1. Give the residues of region 184-203 that are under 12 Å from the mean Cα position of the chain (by Cα), farther than 23 Å from residue 119 by Cβ and in a strand (DSSP E or B), sorted by residue number.
2. Any residue at all in region 39-52 that's closer than 24 Å to residue 177 by Cβ, modelled with pLDDT of 75 or more and touching a strand residue (DSSP E or B) at 6+ places or on another chain (Cβ under 6 Å)?
3. Answer yes if at least one residue in region 85-94 is in contact with a helix residue (DSSP H, G or I) (Cβ under 9 Å, 6 or more places away or on another chain) and in a helix (DSSP H, G or I), and no otherwise.
4. In region 67-82, how many are assigned to a helix (DSSP H, G or I) and over 16 Å from the mean Cα position of the chain (by Cα)?
5. Regarding region 138-148, can at least one residue be identified that is surrounded by 18 or more Cβ atoms within 10 Å (Cβ to Cβ), at pLDDT 95 or above and under 16 Å from the mean Cα position of the chain (by Cα)?
6. Those residues that are surrounded by fewer than 17 Cβ atoms within 10 Å (Cβ to Cβ) and over 18 Å from residue 199 (Cα atoms), I need them from region 116-137; list them, please.
7. Just to verify a result, which residue in region 162-183, among those that are part of a loop (DSSP other than H, G, I, E, B) and touching a residue at least 40 places away in the same chain (Cβ under 8 Å), is surrounded by the most Cβ atoms within 10 Å (Cβ to Cβ)?
8. Can you pull out the residues in region 88-98 that are surrounded by 15 or more Cβ atoms within 10 Å (Cβ to Cβ) and modelled with pLDDT under 95?
């Protein structure tokens, strides 16, 4: 009888460990793979998600981010790292802004957004900023001229590669992480914002 109970306890512990490893693997995969927001996934649960993003061309990027509930993690990170000050200047800038869901998909997301991680977080945010104004039309034109892709230099002096797949813009960093643009062409007083589905990582 004791052997049966012990076996059951060991089996339960093994199953719990497997589930925990599976959860982390899924989170890691989310940051590597660009989810398709037009199909069923864990973000929109089968329906296109209407993002709570409120932006106007009369305000700058930092001001518009603050007014957008689905960008609250992005806004918090901008303030914590001081990148908010840069994105309040004249620019123009093109910003690929990850949603809250994108930040939640980062493994150990609470630590990633904590004050203990301010310097790496600052670098990550600047990796989402390109000088100049790149509209969706500009990106499409550059992709066509580049035979399927175009490369943008971020404020970290590293590259983001932009391509298209199934009518969606796909943004790839140098490590292979990908995001799709889920809300393009949000006009700003000092540039433009494209809301994206995942956090891109600098080297």
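1. Within region 184-203, 194, 195 meet the criteria.
2. Let us first name the residues in region 39-52 that are closer than 24 Å to residue 177 by Cβ, namely 39-45, 48-49, 51.
Okay, now just the ones that are also modelled with pLDDT of 75 or more, so 51.
Next cut, touching a strand residue (DSSP E or B) at 6+ places or on another chain (Cβ under 6 Å) only: 51.
Within region 39-52, one or more residues are closer than 24 Å to residue 177 by Cβ, modelled with pLDDT of 75 or more and touching a strand residue (DSSP E or B) at 6+ places or on another chain (Cβ under 6 Å).
3. Yes - at least one qualifying residue is present in region 85-94.
4. We begin by selecting, within region 67-82, every residue assigned to a helix (DSSP H, G or I); these are 69-81.
Then drop every residue that is not over 16 Å from the mean Cα position of the chain (by Cα), which leaves 79-81.
Residues in region 67-82 being assigned to a helix (DSSP H, G or I) and over 16 Å from the mean Cα position of the chain (by Cα): 3 in total.
5. no
6. 116, 131, 132, 133, 135, 136, 137, listed by residue number.
7. Of all residues in region 162-183, those part of a loop (DSSP other than H, G, I, E, B) come to 166-167, 173-177.
Checking which are touching a residue at least 40 places away in the same chain (Cβ under 8 Å) leaves us with 166, 173, 176-177.
Working: 166: 9, 173: 23, 176: 9, 177: 18.
Ranking the qualifying residues of region 162-183, first place goes to 173.
8. Within region 88-98, the first condition is being surrounded by 15 or more Cβ atoms within 10 Å (Cβ to Cβ), and the residues that meet it are 88, 91-98.
Hit for region 88-98 is 91, nothing else.
The values are calculated or read from the model by the stated rules, or taken from the named source; none is laboratory data. Predicted, not measured: the structure shown is a model, and the values here were computed from it. Here the Cβ is made from the backbone with ideal geometry for all residues, glycine too, and neighbour counts use every protein chain on show.
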